[in-house]
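Please read the structure below before turning to the comments.
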Amino acid sequence: MKKIVAIVLSFAMMIGMAAICTFAAEDGYSVDGVVATPVGGKTSLTLSVTAPADALLAGITVRVSFNTEKLTLVEKESENDYFVDTLFKSQINMVDIQDGKIALMPFAIPTSESDVFAGGTATLAKIEFDVAEGAKLEDADITFAVTDATDFNSNTIYEKFGTTM
């Protein structure tokens, strides 16, 4: 009986650690984040972007904050190594890492509307972390927010994505 209870509790803890977070302010605009259940002292955050076809998204900045007492960012050799899909035809990737924060900034220099994000959903980035020994992750240990977004006409549209997770 104790083994069954232990298995059920372990399963419940794993479900609780796999946080799926979404924020959106307008229909069709969202950034989603999935935190993987820690395994072997490691976890990751996978971010995806959703925008309608008429959004003409040309650039976005997502700032991720993390608890440095529990998590250590696994830094990549190249800025491009943080990004998963290509949102824009000629995507330029920039990353800014400072004191428990990482900003992910993919953008295009569009010459026509065909150079921007065509709409739909795309996986933006995967960020990996080492988890401190004995640390138990909580919802507030990893947060993210869209801090900038622009369209083909250089209009600022980040508020359409909401403000924070």
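Summed over the residues of region 110-165 and divided among them, the accessible surface reaches 53 Å² per residue at a probe radius of 1.4 Å. Relative contact order, whole percent, for region 42-165 stands at 41, derived from Cα pairs under 8 Å and 6 or more residues apart. Legend: distances between Cα atoms for Lys126/Lys160; Lys42/Lys160; Lys70/Lys160; pairs beyond 29 Å are Lys42/Lys160; Lys70/Lys160.
What area, in nm² and to one decimal, does the C-alpha convex hull of region 33-75 cast on average over all directions? Provide the component values of the computation, followed by the final result.
On the way: hull surface 16.9 nm².
Result: a mean projected hull area of 4.2 nm².
Model label sites at Val39 and Asp27, defined 7 Å from Cα along the beta-carbon direction, differ in position by 3.9 nm. Expressed in nm², what is the orientationally averaged projection area of the convex hull enclosing the Cα positions of region 27-119? Dividing the Cα hull surface by four gives the mean projection, 6.8 nm².
Gain on full extension, evaluated as 0.36 nm per residue between Asp54 and Gln98 minus their Cα-Cα distance, stands at 12.4 nm. Here is the list for region 111-165: GluC sites (Glu not before Pro) lying in DSSP coil, each with at most 14 other C-beta atoms within 10 angstrom of its C-beta, are Glu133, Glu138.
The packing ranking of peptides 46-54, 73-81, highest mean first, is 46-54, 73-81, where packing means the average number of other beta carbon atoms within 10 angstrom of each residue.
The values are calculated or read from the model by the stated rules, or taken from the named source; none is laboratory data. Nothing here was measured: the structure is a model prediction, and the numbers come from that model. FYI the Cβ positions are ideal-geometry reconstructions off the backbone, even for glycines, and counts take in every protein chain you see. Side chains included, ligands, DNA and RNA excluded: accessible areas come from the protein's heavy atoms. Shrake-Rupley method; radii C 1.70, N 1.55, O 1.52, S 1.80 Å.
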